[in-house]
1. Of the residues in the stretch 84-104, how many are surrounded by fewer than 21 Cβ atoms within 10 Å (Cβ to Cβ) and part of a helix (DSSP H, G or I)?
2. Taking the stretch 156-178, which residues are loosely packed, with under 15 Cβ neighbours inside 10 Å, of a type in the set (V, I, T) and either at pLDDT 95 or above or in contact with an Asp or Glu (Cβ under 7 Å, 6 or more places away or on another chain) (or both)?
3. Here is a check on your reading of the model: is R166 of a type in the set (K, R) and assigned to a loop (DSSP other than H, G, I, E, B)?
4. If the requirement is being among the hydroxyl-bearing types (S, T, Y), free of Cβ contacts under 8 Å to residues at least 60 places away in the same chain and not in a helix (DSSP H, G or I), which of these qualifies: Y126, Y121?
5. Here's a check for you: in the stretch 191-222, which residue that is under 9 Å from the mean Cα position of the chain (by Cα) and of a type in the set (A, V, I, L, M, F, W, C) is surrounded by the most Cβ atoms within 10 Å (Cβ to Cβ)?
6. In the stretch 171-213, how many residues are over 17 Å from S63 (Cβ atoms), polar (S, T, N, Q) and touching a residue at least 60 places away in the same chain (Cβ under 8 Å)?
Amino acid sequence: MISNLNGISTPDEILQAYTALFIFLGGSISLSPAESSLPHVCDSGLLRNLPVDTSNREYEKASRLLKSPCQYKSTCTVTVSANYNALLSEDKSPTAFPEASRWFSNGTDPSYYREQLELLYKRYGYSREEECNLQADHLGIQLLFINLMIEKYLTEDDYEIKAMIRNDLLAFITDEMLVWLPRWAETVSEKSVTKCYTGISGLIIGSLEDVKEILRNQKLGL
């Protein structure tokens with residue numbers, strides 16, 4: 001069961017709430033803690049008031065973890081930064097760099113795979129900033145693309161186009177993201193010394209699973 005913490009419970013409103021969460025999650029794994037202000041977000045208690053409440057197992061587990069007291073209160077910024085460098089920073093030989101082609105092989109060359117992703121992105125008018133050095137299969141890029149697709153889905157009035165967007169969204173979540181993210185999240189959980197990135201990885205999987213459930217259950221044109 002999925003519901004908004006403020007009592008908003010229509011599928012479209014819940015999907016809209018997830019777009020805000022995806023922006024935060026994408027930034028948290030793409031940017032250093034200094035750039036994303038993750039230590040401040042944790043310390044201020046914002047992660048204790050997530051925009052969506054759900055019974056999804058991964059989401060619930062991650063939510064409880066992020067709501068628990070910080071064990072590195074006095075050294076939060078330093079510890080989280082070191083943890084980010086060890087797990088996610090491309091410059092530091094990370095153990096859990098969030099790039100799809102590093103976690104699964106779909107039988108194609110990584111360059112060709114990324115080119116196909118770029119073509120899909122362009123179909124939806126999604127392009128990266130010139131200064132962005134992240135590859136097309138980086139999790140941060142993919143979460144922002146999911147966010148864009150949800151926005152297009154919510155604002156589309158033509159039911160045939162809306163159905164096409166929904167099908168593309170479902171395929172992207174199921175066939176592109178959830179084929180490698182569980183293994184990535186497991187590695188993050190094993191290697192992380194802080195609760196932040198373990199919780200964030202769980203929220204990503206739980207949120208994607210919930211969005212998939214909502215989209216599958218929606219009846220269009222009725």
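1. Residues flagged as surrounded by fewer than 21 Cβ atoms within 10 Å (Cβ to Cβ) and part of a helix (DSSP H, G or I) within the stretch 84-104 amount to 7.
2. Passing the criteria: only T174.
3. Working: of a type in the set (K, R): yes; assigned to a loop (DSSP other than H, G, I, E, B): no.
Considered against the rule, which asks whether it is of a type in the set (K, R) and assigned to a loop (DSSP other than H, G, I, E, B), R166 comes out as no.
4. Working: Y121 fails: not in a helix (DSSP H, G or I).
Result: Y126 is the single residue among Y126, Y121 that is among the hydroxyl-bearing types (S, T, Y), free of Cβ contacts under 8 Å to residues at least 60 places away in the same chain and not in a helix (DSSP H, G or I).
5. The residue in question is I204.
6. Residues in the stretch 171-213 being over 17 Å from S63 (Cβ atoms), polar (S, T, N, Q) and touching a residue at least 60 places away in the same chain (Cβ under 8 Å): 1 in total.
The values are calculated or read from the model by the stated rules, or taken from the named source; none is laboratory data. Remember, predicted model here, so these are calculated numbers, not experimental data. For neighbour counting, all protein chains shown are included, and Cβ atoms are generated from backbone atoms with ideal geometry for every residue, glycine included.
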